[in-house]
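K.L.:
First the structure, which I've put down as structure tokens, then a few questions once you've had a look.
Nothing in this text is a laboratory measurement; each read-out follows from the coordinates by a stated rule. Just so it is clear, the structure is predicted and the values come from calculations on it, not from any experiment. FYI the Cβ positions are ideal-geometry reconstructions off the backbone, even for glycines, and counts take in every protein chain you see.
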Amino acid sequence: MSLEFYWYLPTAGDGRSKAFDQLAPAKDTPNTTIRDLRRDHYTNIDYITQVARAAELAGFDGLIAPDDAAGEASWIVAGLIARDIKRPKIITEFSPGAGSAVYFAKKAVTFQRYSGNRLGWSLATSTDAATRKALGDFVADGDIARRLEEFLIVSKGVGSSDDFTFKGEFFEVLKGGFGGPLSGWQLPEISLSGDTSEALEISAGYGDVHVFELGTADLASKIARLKALTATKARTINIALKARIFAHDDLDRAALEAKRAGFENDAQTLTGDYDSLAEDLLLLGELGVDRFQLFAPHSLETAYRIGEHVLPRIRQALRKAA
Amino acid sequence: MSIDFFWRLPTHGCSTSVRNPSLTRGDWVPLTEGNQAPGLYDGRPDGSTYIDHVAQIAKAAEISGFHGGLIPSFPMTDDPWVISSHLARETKTFRFMIAFQPGFINPVETARLTASLQRATGGRALFNIITGGGGPSQLWWGDSFAHDDRYGRTTEFLDILKGAWKDGPYSQNGKFYSVENGQLPAALAATDLPEIYFSGSSDAALQSASKHADYYLSWLEPFEQLKAKFGAVKEKTDALGRKIKCSVRVDLIARPTEEEAWADAKAGFEATAHKRSDSFKQASDSVGAARQAAFKASDAKHYDELIIGPNLWTGFSLLRGGPALGIVGSYEQCAQKLDELIALGTDSFILAGTPHLEEAYRVGEEVLPLVRGRQASLSIAAE
């Protein structure tokens, strides 16, 4: 068994200092007794890039720029960190409703060229029609899955052939694909999510990673079902688990931090000291999880705590077992 | 009023010399002697990629006094959104002029992308909106709209982009795009809208430009023709209640003496003699491209057949993909041509020279300081 660890970048605020983070719900009045030289030189983006670097230095395998309409654009954030971050994979989360499948494939090629094939895609569309319409996306509820499938067919098609033609209901392309130095790059790793039969079916056909949320009912049986479904298509798929996490060397302090943030006894949250979290994550690994996608308020500190204390425990245990 | 000068970032390789125009910088041609291919050391990958070369050019341009650079987008190029975000944190003043077509990304998503880029750069994003220039090749991009329809779409795209950004919650029910209660988070909405450079020579383009463009961008055309075009744009957009400025995108070969400049144009012409092709003979319904193709550069037997006036040469399309007409001359003559363009109504320039890195320094150091701008334009007008 091997386990990977990804961290979600706090693109829509991180529950921290109101002094520089304009995305924080309430900005403090500046303290005028202190001469503040920052003026407008810093935004949340400066902080996000520090979190990304922190996660790299602390040993995470990848970073995820989530698609949160309340925050920064995921593709911009991914680009901003790409020159600083040398090793981890970088996943951009976006909706197939955001634009043309050909164009997203083209952006991915440039990203792969510059980053050495480190880009991943996480594709998801809001199930709430009003949310979608506010983003300029008027797709019907019943068409979301079909559009996702077309998006995958077209983006994979132009990414792997230089003469790809397809005419669907949502996307089309004539003799598309990339030549010269734009050809031959790996397609971004495709992460998909959801626990409906339809979602599992699309993942089995097109996904490289399927993301479940911590607290998903019957997780083990859903994983088994998805793996079996994927095998019928002569493919394989990895399983990721998304979870909020509170970690501290003292279990009570971890619980206090979770409570303070409003996630006491929350089904999607892991709370514990370093030993117990390592144990929990290893147990989930035995259920079939290959990758953990973690997030928490105060990402910087938490990423360091997890990276310095929990990941070494897990990696050591895995080495011993091997 | 001052003039803005931009440079160009080459998004599909660059030549080592205008005298030998092959895309030897970057990975668009196989490695040969004389190549500077970032990413290879003694034939093996060394961890650098083409973006490291592009970063060098962007930094050279900002150091040399350019406001920023146009980042072109074509099927064979790298992508300007990716380039801009990659370089945002290692440049200080360089403004990113992102070329894109409204069909690529939906307008609300584009608003958020741009606002985030504004926050990351302190407001250094600009648009070069491309609308025409596609024709049958538009379907390569997965875009099936007809030429004039695409301008209607650009108008709606910018309506919604600006509405969701500055007037959210914003709703509009259009033919091409719709939105219901679209808006940006307050911190993003507080950033400035990007300046919009708009191209297109057709009537449909002008109609659309008059609503949203800040700058009307043209390739260099013969000066009288360009003057008439800029005059028509300004007249039409004035009548529609919106003042827009005009910008020229032009390549130059600037050398200490005119003789050296023409010698380099001649060398480049002769080095490409064996592979004459006009880069605009592709399937396209662009009106501007048709005007450049009309120079018939590829029919010339000798470089000087392509001289159409003092320091004006229509052979540039033989040296690289792009328009034919450009400026060849001494530093003083190049500055003089730029002054003449200012006199006929140009408010901003996108310049380029090959190789882009060294020429950014040369033009910034030698030509721009000689540009006298409006002062000169008064005396030129009086002549």
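K.L.:
Determine ³J(HN,Hα), in whole Hz, for all residues of the range A:47-56 in sequence, where each value follows from phi through the Karplus function 6.51 cos²θ - 1.76 cosθ + 1.60 and θ = phi - 60°; x replaces Gly and Pro.
P.N.:
Running phi through 6.51 cos²θ - 1.76 cosθ + 1.60 with θ = phi - 60° gives 5, 4, 5, 5, 4, 4, 5, 4, 5, 5 Hz.
K.L.:
Cα convex hull of the range A:4-321: how many Å³ per residue?
P.N.:
Working: hull volume 51.1 nm³, N = 318.
With only Cα atoms used, the range A:4-321 gives 161 Å³ per residue.
K.L.:
Find me the longest stretch of chain A that has none of the exposed GluC sites (Glu not before Pro), where exposed means in a DSSP loop (not H, G, I, E or B) with at most 16 other Cβ atoms within 10 Å.
P.N.:
Numbers: sites that count: A:Glu169, A:Glu264.
Counting only loop sites that pass the neighbour cut-off, the longest clear stretch is A:1-168.
K.L.:
Given H placed on each backbone N at 1.01 Å, which residues far from B:Cys246 in sequence or on other chains put an amide H within less than 5 Å of it?
P.N.:
B:Tyr216, B:Asp347, B:Ser348
K.L.:
Okay, next question. Straight-line reach from A:Lys167: which aspartates and glutamates have Cα under 12 Å away, leaving out those fewer than 8 places along the same chain?
P.N.:
Correct list for A:Lys167: A:Glu150, B:Asp143.
K.L.:
Can you give the calculated 222 nm mean residue ellipticity of the protein assembly as shown, where each DSSP H run of n ≥ 4 adds -39,500 (n - 2.57) and the sum is split over every residue, rounded to the nearest 500 deg cm²/dmol? Write down the numbers at each step before the final one.
P.N.:
Details: 24 runs with 268 residues, N = 705.
Mean residue ellipticity, 222 nm, calculated: -11500 deg cm²/dmol.
K.L.:
Using Cα centres only, tell me the gap between the range A:89-120 and the range B:69-100 in whole Å.
P.N.:
Cα centres, the range A:89-120 to the range B:69-100: 15 Å.
K.L.:
Give me, ordered by chain and number, the residues 5 or more places off A:Ile64 or on other chains with an amide H under 5 Å from its own placed amide H.
P.N.:
A:Trp7, A:Tyr8, A:Leu9, A:Ile91
K.L.:
Here's another thing I want to ask about it. So for chain B: antiparallel DSSP bridges make up what percent, rounded to the nearest 5? Mind dumping the intermediate values first?
P.N.:
Values: 10 of 47 bridges.
Antiparallel bridges: around 20 percent, rounded to the nearest 5.
K.L.:
Assuming R0 = 56 Å, what is the FRET efficiency of A:Ala261 and B:Leu40, from their Cβ-Cβ distance, to the nearest 0.05?
P.N.:
Working: r = 49 Å, r/R0 = 0.87.
The computed FRET efficiency comes out at 0.70.
K.L.:
Using a Gaussian network for chain B with springs between C-alpha atoms less than 10 Å apart, which of these wobbles most: B:Arg119, B:Arg255, B:Arg44?
P.N.:
Taking springs between Cα atoms under 10 Å, the residue moving most is B:Arg44.
K.L.:
Which of A:Thr127, A:Thr236, A:Thr33 moves the most in a Gaussian network model of chain A with Cα springs under 10 Å?
P.N.:
Taking springs between Cα atoms under 10 Å, the residue moving most is A:Thr33.
K.L.:
Continuing with the same structure: Say the cut-off is 24 Å between C-alpha atoms; which of A:Lys133/B:Lys175; A:Lys156/A:Lys222; A:Lys107/B:Lys211 go over it? It would help to have the intermediate numbers written out before the result.
P.N.:
Numbers: A:Lys133/B:Lys175 15 Å; A:Lys156/A:Lys222 26 Å; A:Lys107/B:Lys211 29 Å.
In this structure, A:Lys156/A:Lys222; A:Lys107/B:Lys211 exceed 24 Å between Cα atoms.
K.L.:
Any idea what % of Cα-Cα pairs in the range B:191-269 are farther than 21 Å? Mind dumping the intermediate values first?
P.N.:
Values: 1292 of 3081 pairs.
The proportion of pairs with Cα distances above 21 Å equals 42 percent.
K.L.:
State the Cα centre-to-centre distance between the range A:268-282 and the range B:4-68 in whole Å.
P.N.:
If we compute the Cα centre of each part, the gap is 49 Å.
K.L.:
Here's something else I'd like to know. So in chain A, what percent of DSSP beta bridges are antiparallel if you round to the nearest 5? Write down the numbers at each step before the final one.
P.N.:
Values: 3 of 40 bridges.
The answer is about 10 percent antiparallel.
K.L.:
Using each residue's phi in the range A:121-135, evaluate 6.51 cos²θ - 1.76 cosθ + 1.60 at θ = phi - 60° and report the 3J(HN,Hα) Karplus result to the nearest Hz, with x for Gly and Pro.
P.N.:
10, 10, 9, 7, 10, 4, 8, 9, 4, 5, 4, 5, 4, 5, 9
K.L.:
Can I ask one more? Give the distance, in whole Å, between the Cα centre of the range A:291-311 and the Cα centre of the range A:186-237.
P.N.:
25 Å
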